[in-house]
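Have a look at the structure below before the remarks.
The values are calculated or read from the model by the stated rules, or taken from the named source; none is laboratory data. Owing to the predicted nature of the structure, the values given are computational and were not obtained by experimental measurement. Neighbour counts are summed over all protein chains in view; Cβ atoms, including those assigned to glycine, are modelled from backbone coordinates with ideal geometry. Just so you know, the surface numbers come from the protein's heavy atoms only, side chains and all, with ligands and any DNA or RNA stripped out. Shrake-Rupley method; radii C 1.70, N 1.55, O 1.52, S 1.80 Å.
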Amino acid sequence: MTAHRIDWEGLAGALAGIECSRDPGRLAAASRDYYFYSPILAEVLDGRVGELLVRPRDEAEVVRVAAACARFRVPLTIRGGGTGNYGQCVPLEGGVILDITGLDRVLAVGAGSVLCEAGILIAALERAVRAHGQALLMYPSTRDIATIGGFIAGGYAGVGSIRHGILKDPGNVRLIRVVTVEEVPRVIELRGADIQKVHHAFGTNGIITRLELALAPAVDWLHQILLFPDYRRALEFGVAASRPDLDSFLLTTVERRFARFYGVLGERFPADRDAVFAMVNPAHLDAWRALAARFGGVETLCLDDAGIRAAQLPPAFECAYNHTTLMALRHERSFTYLQIAYPMPFDPALVLRQMERYGDELHFHHEFARQFGEYAVFALPLVAYFDRERVYEIIAEFEADGCLVFDPHVYTIEDGGMKTIDTAQIEFKRVADPHGLMNPGKTRGWNAAMARA
Ligand SMILES: Cc1cc2nc3c(=O)[nH]c(=O)nc-3n(C[C@H](O)[C@H](O)[C@H](O)COP(=O)(O)OP(=O)(O)OC[C@H]3O[C@@H](n4cnc5c(N)ncnc54)[C@H](O)[C@@H]3O)c2cc1C
């Protein structure tokens with residue numbers, strides 16, 4: 001909680017007419033995200049709650065909330081869908097939780113781009129652009145419950161990254177518009193390289209109200225499951241299928257020990273085979289199937305969106321990325337996970353050595369993607385949790401293998417994936433959040449002494 005006494009009455013007056021709630025149940029729910037994936041984070045974040053939930057409906061109301069928080073020096077934490085994994089929207093110092101989901105309009109769909117408000121659910125945005133024959137370049141596997149602003153402020157890559165790279169890659173995000181948290185807030189628009197000042201800053205340096213994103217012509221992707229006789233061949237297929245002339249939107253390998261968590265798929269993913277989950281362009285299906293067959297791949301599912309829905313099966317992307325961990329946690333809460341980037345060129349033999357090393361302690365799953373113009377391979381292995389010390393021993397071993405570990409057991413930007421303080425983001429925080437009120441505690445690049453009095 002904040003050190004000074006907050007004038008809640010004054011704040012309420014300044015927010016008159018904007019939807020607010022102090023209901024303890026709503027506040028508790030709005031103060032959590034998916035940090036429960038990490039028992040280490042749960043220990044430090046459980047019980048941290050905001051004191052006032054505010055839900056503006058448009059940018060003008062966001063400006064009023066920002067002005068009031070600045071005037072009364074109230075910490076301000078923005079919440080979209082609340083699906084982040086690192087406690088990104090847990091209000092460490094209490095204060096106001098700004099629920100951004102009221103800003104949910106699509107403002108313009110042009111040829112190759114969309115302008116929208118930041119609180120729209122990604123699934124709704126995708127539906128809107130598909131009505132124009134276009135599609136988003138990428139989305140997290142939480143597409144149906146996460147907001148686009150939350151993805152840009154807290155996410156990294158996702159479904160579609162094998163085709164279009166990561167969020168950070170130039171051109172994918174074209175405009176970020178933010179409201180500053182000052183007594184008289186300003187609206188600032190960032191384009192080109194300046195976008196990186198706010199992307200993945202966890203809502204610490206400006207309230208994103210609008211975004212312009214690049215689009216691609218829509219493809220009716222086929223959701224496919226392939227089974228392989230062993231995980232090595234599934235990985236080798238992943239490497240071979242990472243080619244621009246074989247068009248896919250998702251390419252995920254999941255080893256057989258996950259099969260018991262994917263019961264809904266029945267014999268489509270039995271416990272004696274390793275699986276590939278893919279989204280494939282129908283125009284490239286024959287070549288894709290022929291390549292899979294060379295590695296012993298056998299198809300057990302191939303349906304378009306409508307077919308998947310009619311069969312009441314999960315889309316391929318809900319069997320991938322961090323949904324694999326979620327599926328496991330629904331069965332057994334004792335697991336946790338790691339996020340790894342492999343050294344390139346990717347060598348499946350390294351994974352086989354790691355599987356040997358860890359036995360039943362780790363279950364493996366890999367994502368084939370692209371970043372900075374090159375192919376990349378990520379893993380989100382499931383870890384049978386023993387204790388903190390053991391998790392960090394495993395991390396050190398992956399690092400010794402040449403892997404980069406994005407630590408999902410910490411809540412600051414720098415301790416997780418970024419490793420160093422992004423000075424451009426901190427400089428922009430001086431501009432957009434001069435009193436240091438936004439999502440306090442989430443960046444190590446800021447300290448109380450930097451705040452304007
Ligand atoms: C099952 C599962 C699968 C996932 N898969 C992926 C994946 O494939 N790729 C990936 O990158 N992530 C993934 N994630 C993490 C997360 O779901 C995504 O990053 C998601 O897009 C976050 O959106 P959200 O609306 O839930 O954001 P929230 O969790 O609400 O917020 C995330 C961060 O952004 C800030 N924020 C939110 N809105 C704004 C705004 N308007 N202005 C400024 N700051 C803001 C918040 O304060 C917080 O720090 C996954 C998580 C789960 C649980």
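Things to note:
- Considering segment 112-152, and only residues there that are surrounded by fewer than 20 Cβ atoms within 10 Å (Cβ to Cβ) and under 16 Å from G82 (Cβ atoms), the residue that is nearest to the ligand (Cβ to nearest atom) turns out to be I145.
- Subset of segment 153-194 [within 24 Å of A70 (Cβ to Cβ), surrounded by 19 or more Cβ atoms within 10 Å (Cβ to Cβ) and within 13 Å of the ligand (Cβ to nearest atom)]: A153, G154, I176, R177, V178, V179, T180, V181, L190
- The set of residues in segment 436-445 that are in contact (Cβ under 8 Å) with a residue 60 or more places away in the chain and out of contact with any helix residue (DSSP H, G or I) (no Cβ under 6 Å at 6 or more places or on another chain) comprises M438, N439, P440, G441, K442, T443.
- Entry remark, segment 277-312: residues being of a type outside the set (D, E), open to solvent by 20 Å² or more (accessible area, probe 1.4 Å) and part of a loop (DSSP other than H, G, I, E, B) number 5 in total.
- Residue among L215, L226 that alone is assigned to a strand (DSSP E or B), crowded, with 24+ Cβ neighbours inside 10 Å and more than 12 Å from the ligand (Cβ to nearest atom): L226
- Some residue of segment 83-95 being modelled with pLDDT of 95 or more and farther than 24 Å from P408 by Cα: yes
- Identification of helices (runs of 4 or more DSSP H) wholly contained in segment 1-96 with 2 or more residues that are open to solvent by less than 10 Å² (accessible area, probe 1.4 Å) and out of contact with any Ser or Thr (no Cβ under 8 Å at 6 or more places or on another chain) yields 39-45, 59-72.
- Here segment 67-91 is the region considered, the condition is being touching a Pro at 6+ places or on another chain (Cβ under 8 Å) and more than 11 Å from the ligand (Cβ to nearest atom), and the residue that is nearest to G133 (Cα to Cα) is A67.
- Near pairs, Cβ below 7 angstrom, 6+ apart or cross-chain, from segment 140-154 (outside any loop (DSSP other than H, G, I, E, B)) to any residue that is open to solvent by 20 Å² or more (accessible area, probe 1.4 Å) and of a type in the set (A, V, I, L, M): T147/L121
- Any hit, segment 216-236, residues being of a type outside the set (S, T, Y) and closer than 30 Å to D99 by Cα: yes
- Hits in segment 418-453 - residues which are small (G, A, S), touching a Gly at 6+ places or on another chain (Cβ under 7 Å) and over 20 Å from Q196 (Cα atoms): A448, A451
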